[in-house]
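Structure first, commentary second.
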Amino acid sequence: MRTVTLTYPISPEQSAEWAGPQVAALGQFDGLHRGHASVIKSAVALARQKGVQAAVITFHPHPKDVMGRGDYEGYLTPPKDKAELLVDMGVDILYIIAFNEQLSRVSPQNFVSGMLLPLQIVTAVVGFDFRFGYKGEGDAEMLRELGQGVMDVETVPPFLLEGQKVSSSGIRKSLQSGDLELANSWFGRCYHLRGTVVHGEKRGRTIGFPTANIQLDDRYVIPAKGVYAVRVLYKDEVMPGVMNVGVKPTFHEGETAPSFEVHLFNFDGDLYDKHLTVELVSYIRPERKFESIQALIEQIGSDAETARQLLQHKL
């Protein structure tokens, strides 16, 4: 898959390089959940049927991030994660349009004429609730009209699980409230965090539970503070473990920035400066303050055993 960064309006040089018959799925697609996957897989299938390239057109940063609207904080799938998932879906080209305040004021008409038509998109595939252009004035029907008979539009219906529409906002709320089971179900996979192991306080090793302190690669959506059963991917290995997300209230007061500490089972090696992917499999309990170090040690032992049981059939 080729990844192309575009700016509005598309330049004649970029148009000359990338224009050609292609089917494109349009959307923000943060999370690439099962609803997004249904849109993208429809676009890929249609592209194969027509014998043209399958593309995804998305934006970065997220429009809500730029405009400072809503409770938007962090990404479910930062750009690198999103690109890797799209490769597995069979996408040929990923167009990332640089979103800024200027683009937020572009009308639906100018967006189509200045960005989509120059790429020679034969069919745009969008979700049922797709909106675009200044103040979200454009919808799928307007997109079809602006395609001028050159660009067709296909709309994909909502993806429902147990009667609920799968959505990125729903996943965010689930992650932040500790409902990891629902979030993972809507993703169609386990939510993951990626980062590099850095030096921490090294307190874990003194109480019998050495941990890898992870500095995240990007601005991920931070899940609820607490303890999780996790799978850790390192090189070609998949290792079970337990992770604490939080501020360690037993040792600190007034701390607000969470840390991410993973204790790996049956591992005795040096992971400093190594890059890990941590898949969150199950939420075990919220973070809490303990009255003594011994009480904390006993609870960590119990958490580790719970995680082992949860993970024994999921590796």
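The values are calculated or read from the model by the stated rules, or taken from the named source; none is laboratory data. Note that the structure is predicted; figures quoted are calculated from it, not measured. Using ideal geometry, Cβ is built from the backbone for each residue, glycine included, and neighbour counts are taken over all protein chains shown. SASA here: full protein model, heavy atoms, side chains in, ligands and nucleic acids out. Shrake-Rupley method; radii C 1.70, N 1.55, O 1.52, S 1.80 Å.
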Subject >> Long-range amide H partners of Phe260 with built H, under 5 Å >> reply: Ile214
**OP:** Search the structure for amide H atoms under 5 Å from the amide H of Val230, placed 1.01 Å from N in the peptide plane, and list their residues when 5 or more places away or on another chain.
**Re:** Gly241, Val242, Met243, Val281
Original post:
To one decimal place, what orientation-averaged projected area in nm² is obtained for the convex hull of the Cα set of the range 1-65?
Top reply: 5.1 nm²
Original post:
Can you give the convex hull volume of the alpha carbon atoms of the chain per residue, in Å³?
Top reply: 152 Å³
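Among the listed pairs Lys64/Lys235; Lys41/Lys248; Lys80/Lys314; Lys64/Lys314; Lys80/Lys248; Lys41/Lys64, which have their C-alpha atoms separated by more than 32 angstrom in this model?
Values: Lys64/Lys235 35 Å; Lys41/Lys248 42 Å; Lys80/Lys314 25 Å; Lys64/Lys314 36 Å; Lys80/Lys248 30 Å; Lys41/Lys64 25 Å.
Exceeds cut-off: Lys64/Lys235; Lys41/Lys248; Lys64/Lys314.
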**OP:** Obtain the nm distance between the two label points defined at Glu181 and Ala16 by a simple spin-label model: each point lies 7 Å from its Cα along the Cα-to-C-beta direction.
**Re:** 5.9 nm
Subject >> Axial C-alpha extent at least 15 Å, average Kyte-Doolittle at least 0.0 - helices from the chain (DSSP) >> reply: 293-311
Original post:
Which ³J(HN,Hα) values, rounded to whole Hz and listed in residue order, are derived for the range 116-126 from phi using the Karplus coefficients 6.51, -1.76 and 1.60 in 6.51 cos²θ - 1.76 cosθ + 1.60 with θ = phi - 60°, glycine and proline given as x?
Top reply: 7, 4, x, 7, 6, 6, 7, 9, 9, 10, 9
Original post:
If you project the alpha carbons of the range 116-239 onto the principal axes, what extent comes out on each, in Å, largest first?
Top reply: 69, 35, 31
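Subtracting the Cα-Cα distance from 0.36 nm times the residue separation, let me have the gained length for Glu141 to Ile297 in nm, one decimal.
Working: separation 156, 0.36 × 156 = 56.16 nm, distance 5.98 nm.
Result for the pair: 50.2 nm of gain on full extension.
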Subject >> Average accessible area per residue (Å²) across the chain - probe 1.4 Å, nucleic acids and ligands excluded >> reply: 49 Å²
Original post:
What base-10 log of the normalised intensity I(q)/I(0) is obtained for the range 19-140 from the Debye formula, alpha carbons as equal point scatterers, at q = 0.13 Å⁻¹?
Top reply: -0.50
Subject >> Accessible area of the chain belonging to carbon and sulfur atoms, whole % at 1.4 Å probe >> reply: 49 percent
